[in-house]
1. What is the calculated FRET efficiency for residue 155 to residue 67, with r their C-beta to C-beta distance and R₀ = 35 Å, to the nearest 0.05?
2. Mind sorting 18, 155 by how few other Cβ atoms lie within 10 Å of their own Cβ, fewest first?
3. At a Förster radius of 41 Å, what calculated FRET efficiency corresponds to the Cβ-Cβ distance of residue 84 and residue 41, to the nearest 0.05?
4. Only counting other Cβ atoms within 10 Å, I'd like 54, 140, 87 sorted with the fewest neighbours first.
5. How large is the dipole of the range 4-108 about the Cα centre if only Lys and Arg carry +1 and Asp and Glu carry -1, each at its Cβ, rounded to the nearest 20 debye?
6. Pick from 109, 38, 122 the residue whose mean-square fluctuation is largest in a GNM of the chain, springs joining Cα atoms under 10 Å.
7. Run the helix sum for the chain: -39,500 (n - 2.57) per DSSP H stretch of 4+ residues, divided by residue count, reported at 222 nm to the nearest 500 deg cm²/dmol.
8. Measure up 15/134; 124/144; 20/113; 27/134; 15/99 against 25 Å on the Cα-Cα distance and list the ones that go over.
Amino acid sequence: MVCFETQRLVFRDWKEQDLKEFRIMNKDPRVMKYFTKTLTEDETDRFYNIIQDEFRNCGYGLYAVETKHDNGFIGFIGFHWANFNSEFTPCIEIGWRLKYEAWGNGFATEGAKACLSYGFETLKFDKIYSFTSKINTQSESVMKKIGMVKIMEFDHPNIIEGNPLRKHVLYAVDLKS
């Protein structure tokens, strides 16, 4: 089922055939550069099941994204219920992960803007957060481009001390923005 669209992208439910491309994407060290590791096929399958459960339980999640010009799966953009131990959680997080071949086309920004609109207008969220490791300046740039405001920096509790990915930036946008 198609949930919403932009000029170049379709946001839809996941299809079983997306799983193969999702596995490949999560094994790509370029895509996973700002994560603690690449994912095995089993780990990707578990993540896929978490995404499906979140849609069933929350009514939203990380939407499969495809391009209109070729109907090709390029990754996900959407919402996640973040509930790790932090002063701002639990919260609704907007996030994205796209195949490396899709980078540099403005898809993350275009898609995240559409997701924010969908989240506020259709899902009736009142505040949406996003966070990434401080060294992930590309994702932080997307956060700025979609109108999010930097709230603070924090040490992600699920990343060990000494890891350069531990220091994170937190952005947010609310209905009043």
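1. 0.45
2. In order of increasing Cβ crowding within 10 Å: 155, 18.
3. Calculated transfer efficiency: 0.95.
4. Listing 54, 140, 87 from fewest to most nearby Cβ atoms yields 87, 54, 140.
5. Dipole of the range 4-108, to the nearest 20 debye: 280 debye.
6. In this elastic network of the chain, the residue with the biggest mean-square fluctuation among 109, 38, 122 is 122.
7. -9500 deg cm²/dmol
8. Details: 15/134 33 Å; 124/144 22 Å; 20/113 27 Å; 27/134 22 Å; 15/99 17 Å.
Violating the 25 Å limit, Cα to Cα: 15/134; 20/113.
Bear in mind these aren't lab numbers, they're just calculated from the coordinates by the rules spelled out. Note that this is a predicted model, so its numbers are computed, not measured. Cβ atoms come from the backbone with ideal geometry, glycine included; neighbour counts cover every protein chain shown.
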